[in-house]
Amino acid sequence: MLSDHLHSTLYETLKFLFLILVTAIEAFLIHQRFKPICHFFYFTCLAIILLLQFYLSKPSVTYLVDFSCYKPPCFCRVPFSSFLENSSLVETFDSESMAFMSKVLTCSGQSEETYLPPALQYIPPKTNQQESIKEAQMVLFPVIENLLSKVQISPQDIDILIINCSGFCPSPSLSSIIINKYSMKSDIKNFNLSGMGCSASALAIDMAQALLKTQKDSDALVLSTEILSTGWYSGNEKPKLLLNCLFRMGSVAVLLTNKKQAKRSSKYKVVRTVRTNKAFDDKAYNSGMREEDSNGKLGVTLNRDLLQIAGETLRANITILGFKILPFRELFWLGVSVIKKGFIKNSCDVYVPNFKAAVQHFCLPVSGRPVIREIAKNLKLGERDIEAALMTLHRFGNQSSSSLWYELAYMEAKERVKKGDRVWLIGAGTGSKCGSVVLQCLRPIVGESNKGPWAGCVEEYPVMNS
């Protein structure tokens with residue numbers, strides 16, 4: 001950060017000195033009464049220099065070529081009755097824990113069609129290292145192969161590989177497993193993000209964009225998933241039992257590039273990314289924690305104030321993003337309301353900007369119906385705006401960081417995303433942190449209803465009881 005600041009200061013200083021030099025030269029030409037042709041030649045050179053500066057300083061565009069979401073096989077489907085029956089046969093759960101999990105499932109907003117990995121369908125569940133690696137291969141290999149087949153590039157063409165998975169961090173790493181499987185090139189830049197929660201996919205896109213700014217003509221592959229077999233909790237503390245009921249299988253592969261020729265074939269370009277973090281605050285830091293219970297059993301504790309903390313982090317993120325994407329009229333009325341609030345007692349609440357003036361589609365955190373509806377209320381969104389989030393929760397459950405892309409796939413399958421439309425992906429995770437990605441559609445997107453995770457079922461949606 002300090003280096004960037006010094007470079008920026010030096011650049012602005014040089015520009016100021018250049019302006020002084022230009023003024024001095026022109027003053028000299030006028031004082032010496034040079035012929036007009038000299039002034040013309042001088043201004044022509046100056047214009048060429050300024051145009052070159054503009055061209056060279058123009059930031060590179062990051063294109064999102066395409067993405068692919070994982071649809072688990074039918075044998076992974078786990079209806080509520082099967083989940084509860086299997087759990088009851090695991091001796092570690094007492095009757096109170098069973099009643100609690102039954103209640104959570106009923107109120108979760110999920111359907112009977114969600115998926116769990118084979119390792120968690122054994123009695124008792126298999127949560128060892130080897131089963132987790134098998135699960136990782138099961139959810140990652142198909143999306144990689146599907147995506148590369150769609151965009152018609154080879155694994156050897158990938159320059160940057162980023163994988164995010166919060167709870168499972170093996171050695172060799174997940175990225176090394178992918179590189180080994182597909183014999184990727186030796187100079188590939190690979191990264192593993194762990195412990196970043198449901199915000200990790202948005203953060204990975206931000207990271208990929210930053211890396212692409214420093215590496216010309218490159219392709220970046222971003223993979224997002226959560227390995228559930230490592231997160232299974234076999235104790236009786238209620239805050240830790242929530243993850244057993246809410247999290248379900250899912251993964252996504254996203255291809256990003258900064259190659260200019262990719263503009264025609266790419267679905268989207270990345271317009272903005274914003275990251276906010278509250279890990280400096282103890283209350284936020286401890287709101288979601290992986291830890292052992294009193295019997296030494298590992299699980300993730302979700303504290304009661306998690307939603308409040310997530311709301312505060314999200315609010316900070318939205319504030320920063322709003323100033324970058326909202327039209328002037330929305331910022332004007334926001335400013336007026338803030339001033340009135342500060343100087344006039346009993347004035348109305350601060351104006352909530354209309355984000356639909358800048359963004360047409362929203363992919364929200366799929367953390368439960370109450371969370372989705374609370375975010376919708378704060379952003380003044382309608383039922384159609386949150387339909388993709390509610391239907392993704394209903395059909396697939398909470399897939400952690402990859403859920404955002406199932407929402408986008410839903411909107412594409414419904415052919416709602418038009419050329420020129422903007423899509424806002426919001427990821428919020430433990431820590432507490434939040435990431436926003438704003439995409440702009442570059443071409444008509446049609447024919448997706450018979451592809452991807454919603455193939456064969458998108459016609460059944462929306463369902464009214466979600």
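The values are calculated or read from the model by the stated rules, or taken from the named source; none is laboratory data. Source: prediction; values computed, not measured. A quick note on method: Cβ atoms are made from the backbone with ideal geometry, for glycine too, and the neighbour counts reach across all protein chains shown. To get the accessible areas, we keep the full protein, side chains included, count just its heavy atoms, and leave off ligands, DNA and RNA. Shrake-Rupley method; radii C 1.70, N 1.55, O 1.52, S 1.80 Å.
Quick check: Cα centre of region 67-128 to Cα centre of region 271-326, how many Å? Their Cα centres are 26 Å away from one another. With the charge dipole of the chain set up from +1 on Lys and Arg Cβ and -1 on Asp and Glu Cβ about the Cα centre, the Cα lying farthest toward the positive end among the listed residues 390, 193, 337 is that of 337. Computed about its Cα centre, the charge dipole of the chain is approximately 1920 debye, with only Lys, Arg, Asp and Glu carrying charge at their Cβ.
Apply the Debye scattering formula to region 396-466, with a single equal point scatterer on each alpha-carbon and no solvent, then give log10 I(q)/I(0) at q = 0.20 Å⁻¹. Computed log10 I(q)/I(0) values: -0.95.
Where does each of 181, 260, 267 land when they are ordered by accessible area, with a 1.4 Å probe and the largest first? Could you put the intermediate results ahead of the total?
On the way: 181 100, 260 150, 267 0 Å².
Per-residue accessible area, sorted high to low, gives 260, 181, 267.
Taking each of 134/433; 238/377; 267/419; 181/259; 71/297 in turn, the alpha-carbon distance tops 20 angstrom for 134/433; 238/377; 181/259; 71/297.
Taking the charge dipole of region 63-268 about its Cα centre, with +1 at Lys and Arg Cβ atoms and -1 at Asp and Glu Cβ atoms, the residue from 140, 78, 265 reaching farthest to the positive side is 265. Starting from the Cα gyration tensor of region 270-460, take the square roots of the eigenvalues, sort them a ≥ b ≥ c, and report rounded, prolate or oblate (rounded when a/c is under 1.5, otherwise prolate if a/b is larger than b/c, else oblate). Oblate, since a/c reaches 1.5 and b/c is not below a/b.
Rounded to the nearest 10 degrees, the angle from helix 369-379 to the longest Cα principal axis of the chain is 20 degrees. In the chain, the DSSP beta bridges split such that about 75 percent are antiparallel, to the nearest 5.
Of 240, 216, 259, which has the most accessible area with a 1.4 Å probe, and how do the rest follow in descending order? Numbers along the way, then the final one.
Details: 240 5, 216 180, 259 55 Å².
Result of the area sort, largest leading: 216, 259, 240.
How far is helix 383-396 tilted, in degrees, relative to the longest principal axis of the Cα atoms in the chain, given as a value from 0 to 90 rounded to the nearest 10? It is inclined by approximately 50 degrees.
Between residue 217 and residue 418, the modelled labels are 3.8 nm apart [label points 7 Å from Cα along Cα→Cβ].
Normalised by the number of residues in the chain, the mean separation of alpha-carbon contacts (under 8 Å, six or more apart) gives a relative contact order of 19 percent.
Atom-type composition of the exposed protein surface of the chain places 59 percent of the accessible area on carbon and sulfur (1.4 angstrom probe). With the dipole of the chain worked out from charges on the C-beta (+1 for Lys and Arg, -1 for Asp and Glu) around the Cα centre, which of 127, 171, 152 lies farthest toward the positive end? About the Cα centre, the residue reaching furthest to the positive side is 152.
Heavy-atom accessible area, probed at 1.4 angstrom with all protein chains present, ranks 366, 336 as 336, 366, highest first. Accessible surface for region 289-328, divided over its residues, is 60 Å² per residue with a 1.4 Å probe.
Here each label is just a point 7 Å from Cα along the line to Cβ, and for residue 281 and residue 449 those points are 4.4 nm apart. 3J(HN,Hα) along region 212-225: 5, 5, 9, 9, 6, 6, 10, 10, 10, 9, 10, 10, 10, 7 Hz, from the Karplus curve 6.51 cos²θ - 1.76 cosθ + 1.60 with θ = phi - 60°, whole Hz, x for Gly and Pro.
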